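Visitor: The following block contains the structure, expressed as structure tokens.
The values are calculated or read from the model by the stated rules, or taken from the named source; none is laboratory data. Predicted model only: the values in this text are computed from it and were never measured. Here the Cβ positions follow ideal geometry from the backbone for every residue, glycine too, while neighbour counts run over all protein chains shown. Each accessible area value is taken on the protein alone, full model and side chains, heavy atoms only, with ligands, DNA and RNA left out. Shrake-Rupley method; radii C 1.70, N 1.55, O 1.52, S 1.80 Å.
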Amino acid sequence: MNFTRADFPDGFRFGVATSAYQIEGHGQGGAGLTHWDSFAATPGNVARAENGARACDHYNRLDEDLDLIRDLGADVYRFSTSWARVMPDGTGAANPEGLDFYDRLVDGLLARGIAPAVTLYHWELPQALADRGGWRNADMPNWFADYTETIMARIGDRTWSAAPINEPWCVGWLSHFDGHHAPGLRDIRATARAMHHVLLSHGRAIQVCKGLGVQNLGAVCNFEWATAASDAPEDVAASERYDAIYNRFFLGGLFRGEYPAEVLDGLEPHLPQGWQDDFTTIQSPLDWVGVNYYTRKRIAHVDGPWPNYAEAPTQGPLTDMEWEIHPDGLRDFLTRTAREYTGDLPIYVTENGMASATTPDPDRIDFLDRHLRAVQQALADGAPVHGYFVWSLMDNYEWALGYDKRFGLIHVDFDTLARTPKASYHALAKWWRG
Ligand code: IFM
């Protein structure tokens, strides 16, 4: 990687990202059961039925991990707080040990000169709320607002930025329509409600944060570029439907106060009554938007009920997730988001990275290099990109795929829990440290 900080605009921030359940070790510190624990305990849902009970044991290795972030030269650390660690039953009493942990995390970052970027929900829903229907339940925005108040009253005076929910598509569609993530449903009505309640919960949390005086509030969405598998009109229409569900639904709700017609074709009968009235809350003004980007899909029409699409065979080069490496998609999302939805609002690449078990990892260095060049192209095209955060600081629990998909700049030995920085860590440190 032949970059220097001077190759990016003044004030451009570089960072790394993780999430609570993927690294902390959820079995410790009084955290409550989550729907990921029960999903993983159900045979067939997760590779080798692995769960996040120990993960990287970050809970007990906080200082060591924060030193590694400092030595990397990262400006920002994007982490998440676990709802079930803060409020083990989802509502009601807080867990003092959990609040203390996040307090120490934020103070530890500040003491090392690293800006704390918090996300309030990265998928570990307290089981007690899942038992009450989880994201399908119209009370979710209220429960989420209470949780937001509890955690941000404690740390929100010292965070650099805050975003309520990581990747609403995963929370809504992947988990309730595809059934690939907890709670593992395949139900169109649950999907419609979850997708809407996620956005409404986001809006409520933004309002709570504003009330507490928390600064620099944003939303983090994940996007996949959709390319039609052929020029046939039905494949083109299928790829537009995929794009609408995956990408435009959330941007539309957040920044235009509307959902795309192609999504309403399938979901409208299942949305909660009065959904149109919720956009005032959903559109609570933001200070930035985050783009998580990894890959693109080739999409073909299939006969059958809405949404009538299927993924066409992937073409190389691929990562260990079997995701195509397609840096142009990052450039195109950054420019399209600004052009069609957010204008001058700062955009951060809040996640980008690759799964690769190779060590040393020249493939990861090449991946990051190509995506950073895509960011430079977007900047040259006028997109107001203000930062770029790598997923992930260290190898961790890759959800339904367990521990063998390695996204880290730091290798983790899951037997000894030893951390070993990879070549990609050193390559980034070389220019991030200045
Ligand atoms: O590991 C995940 C993360 O939790 C959310 N964004 C994508 C990453 C890689 O799949």
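Visitor: Can you give the accessible area per residue of the stretch 94-185, in Å², using a 1.4 Å probe?
Guide: On the way: 2720 Å² over 92 residues.
Counting only protein heavy atoms, the per-residue value for the stretch 94-185 is 30 Å².
Visitor: List every residue whose amide H lies under 5 Å from the amide H of A229, counting only residues 5 or more places away in sequence or on a different chain, with H placed 1.01 Å from N in the peptide plane.
Guide: For A229, whose amide H was placed from the backbone, the distant partners under 5 Å are I299, A300.
Visitor: A follow-up question, please. Check which residues have an amide H placed less than 5 Å from V390's amide H, if you skip close sequence neighbours.
Guide: Result for V390 returns G15, V16, A17.
Visitor: How large, in percent, is the carbon and sulfur part of the accessible surface of the stretch 346-410 at a probe radius of 1.4 Å? Before the final figure, lay out each step's value.
Guide: Values: 920 of 1750 Å².
Of all accessible area on the stretch 346-410, carbon and sulfur atoms account for 52 percent.
Visitor: Among the DSSP beta bridges whose two residues both lie in the stretch 287-384, what percent are antiparallel, rounded to the nearest 5? Please list the in-between numbers first.
Guide: Details: 4 of 8 bridges.
Bridges in the stretch 287-384 that DSSP calls antiparallel: roughly 50 percent.
Visitor: Which order, highest average first, do 158-165, 275-282 follow once you tally other Cβ atoms within 10 Å for each residue and take the mean per peptide? Provide the component values of the computation, followed by the final result.
Guide: Values: 158-165: 23.5, 275-282: 15.6.
Highest to lowest by the protection proxy: 158-165, 275-282.
Visitor: Could you give the accessible area per residue of the stretch 1-90, probe 1.4 Å, as a whole number in Å²? Could you put the intermediate results ahead of the total?
Guide: Details: 3080 Å² over 90 residues.
About 34 Å² of surface per residue is accessible.
Visitor: I've got another one for you. Assuming 0.36 nm per residue, please report the length gained on full extension of the stretch T281 to Q215 beyond their Cα-Cα distance. Don't skip to the answer; put the middle values down first.
Guide: Numbers: separation 66, 0.36 × 66 = 23.76 nm, distance 1.81 nm.
Gain on stretching T281 to Q215: 22.0 nm.
Visitor: When the expected Rg is taken as 2.2 N^0.38 Å, what fraction or multiple of it is the alpha-carbon Rg of the stretch 171-256? Don't jump to the answer; show the numbers that get you there.
Guide: On the way: Rg = 15.6 Å, N = 86, 2.2 N^0.38 = 12.0 Å.
So the Cα radius of gyration is 1.31 times the expected 2.2 N^0.38 Å.
Visitor: Can you work out the accessible area per residue across the stretch 276-434, with the rest of the protein chains kept in place, probe 1.4 Å, in square angstrom?
Guide: Details: 6080 Å² over 159 residues.
It amounts to 38 Å² per residue over the stretch 276-434.
Visitor: Take a quick pass over the chain and tell me how many lysine pairs come in under 30 angstrom between Cα atoms, counting only ones 8 or more apart or on separate chains.
Guide: Working: K297/K405; K297/K422; K405/K422; K405/K430; K422/K430.
Here the count comes out as 5.
Visitor: Let's test this: bin the Cα-Cα distances of the chain at 20 Å from zero up to the farthest pair and state each bin's percent.
Guide: P(r) over the chain, rounded to whole percents: 27, 63, 10.
Visitor: By how many nm would the segment from R433 to M1 lengthen if fully extended, with 0.36 nm per residue of separation less the alpha-carbon distance? Let's see the in-between values first.
Guide: Numbers: separation 432, 0.36 × 432 = 155.52 nm, distance 1.38 nm.
Once the chain is fully extended between R433 and M1, it gains 154.1 nm.
Visitor: 5 Å is the cut-off here: which amide hydrogens, built 1.01 Å from N in the peptide plane, fall below it relative to L125, excluding neighbours closer than 5 in sequence?
Guide: H35, W36
Visitor: With a 1.4 Å probe and every protein chain left in place, tell me how much accessible area T42 has, in Å² to the nearest 10.
Guide: Accessible surface of T42 is approximately 70 Å².
Visitor: Still on this structure: Tell me, what HN-Hα J-couplings in whole Hz come from the Karplus equation 6.51 cos²θ - 1.76 cosθ + 1.60 at θ = phi - 60° for each residue of the stretch 427-432, using x for Gly and Pro?
Guide: 5, 6, 4, 4, 9, 5
Visitor: Report for the chain the percent antiparallel among DSSP-assigned beta bridges with both residues inside it, nearest 5. Please report the intermediate quantities before stating the final value.
Guide: Numbers: 8 of 45 bridges.
Of the beta bridges lying entirely in the chain, close to 20 percent run antiparallel.
Visitor: Further, regarding this structure: Ordering E24, E311 by accessible area with a probe of 1.4 Å, largest first, what comes out? Kindly include the intermediate steps, with their values, before the conclusion.
Guide: Numbers: E24 5, E311 105 Å².
Result, largest first: E311, E24.
Visitor: How large, in percent, is the carbon and sulfur part of the accessible surface of the stretch 31-178 at a probe radius of 1.4 Å? Numbers along the way, then the final one.
Guide: On the way: 2170 of 4620 Å².
Roughly 47 percent, rounded to a whole number.
Visitor: Using a cut-off of 13 Å between beta-carbons, work out the net charge of the residues near S38 (Lys and Arg +1, Asp and Glu -1, S38 not included). The partial results should precede the final answer.
Guide: Numbers: positive: none; negative: D37, E124, D131.
For residues surrounding S38, the net value is -3.
Visitor: Follow-up question, since we're still on this one. Report in % the part of the accessible area of the stretch 220-318 that belongs to carbon and sulfur, leaving out ligands and nucleic acids; probe 1.4 Å.
Guide: Numbers: 1970 of 4130 Å².
The C+S portion of the solvent-accessible surface of the stretch 220-318 is 48 percent.
Visitor: Which value, in Å² and to the nearest 10, is the accessible area of D157 when all protein chains are kept and the probe is 1.4 Å?
Guide: Using a 1.4 Å probe on the heavy atoms, I get roughly 120 Å².
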